[in-house]
Each structure stands twice: as C-alpha cells, then as structure tokens.
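Data first, discussion second: the structure below is written as structure tokens.
The values are calculated or read from the model by the stated rules, or taken from the named source; none is laboratory data. Since we're looking at a predicted model, the values are computed, not measured. Every residue, glycine as well, gets a Cβ built from its backbone with ideal geometry; the counts of neighbours run over all protein chains shown.
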Amino acid sequence: MVSIADWSMISTGGRQMSVENVTEKQVLEELLDLEPSRWPEVLDFIGYLKEQDSRARAKSGTRELMARDLLESRIVGLWADRDDIGNSLEYARRLRREAEHR
C-alpha cells in the first residue's frame with residue numbers, strides 16, 4: 001500500500017497539485033466541492049491521520065509538551081541571576097534593534 005506521503009503529486013479534481021504546496025484554502029475548496037453527505041468520511045480520514053501521527057510520536061519517544069512541562073523545566077528562570085538584562089521586554093527589543101542594524 002502506498003501512503004500519501006510517498007506520492008510527489010496528488011490528483012485533485014483532475015488537477016495536479018504538489019503535496020508540499022497544498023494550502024488551507026485549497027483544502028477547504030476541495031471539501032466544499034464534496035457533497036456534505038461525504039464530510040463524515042473526510043473527518044474519519046483526518047482522525048485516521050491524527051492517530052498515525054500520535055502513534056509515530058509514541059514510537060519515536062517524543063510527546064507534545066505542555067505548559068506544566070516548561071514550568072517544571074530548568075529553562076524557566078535560566079537567566080534570573082543575570083544583572084545585564086533588567087527588564088526582559090526592553091532587553092528583547094534592544095536585541096531585535098541590534099539584529100536589524102547588523
């Protein structure tokens with residue numbers, strides 16, 4: 001069985017479309033071209049794709065991080081002891097200005 005990821009092109013209503021260039025607008029247009037009675041099949045297929053993605057993440061050992069994971073990590077507060085930063089928002093603005101004028 002060939003998965004859609006193996007195809008370099010997909011056929012859509014007689015038109016060829018590169019998989020890498022599919023836009024949200026194109027997906028919605030194609031959905032609206034279908035009879036509404038077929039929409040449950042589309043949702044079912046989306047659920048199938050999500051399940052595949054979930055299984056692939058579980059197999060690779062990666063998972064989606066939650067805000068709690070970030071708060072419990074050592075990243076939050078990493079620069080708390082730095083006295084050259086002061087106001088973090090102003091520091092970020094200054095870095096952006098400096099980067100723009102390189």
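Brief remarks follow.
- Test: residue in the range 80-92 that is exposed (fewer than 10 other Cβ atoms within 10 Å of the Cβ), charged (D, E, K, R) and outside any loop (DSSP other than H, G, I, E, B): no
- The conditions of being modelled with pLDDT of 85 or more and not hydroxyl-bearing (Ser, Thr, Tyr) are not met by Ala80.
- Qualifying residue in the range 46-64 (condition: in contact with a strand residue (DSSP E or B) (Cβ under 9 Å, 6 or more places away or on another chain), modelled with pLDDT under 90 and surrounded by 10 or more Cβ atoms within 10 Å (Cβ to Cβ)): no
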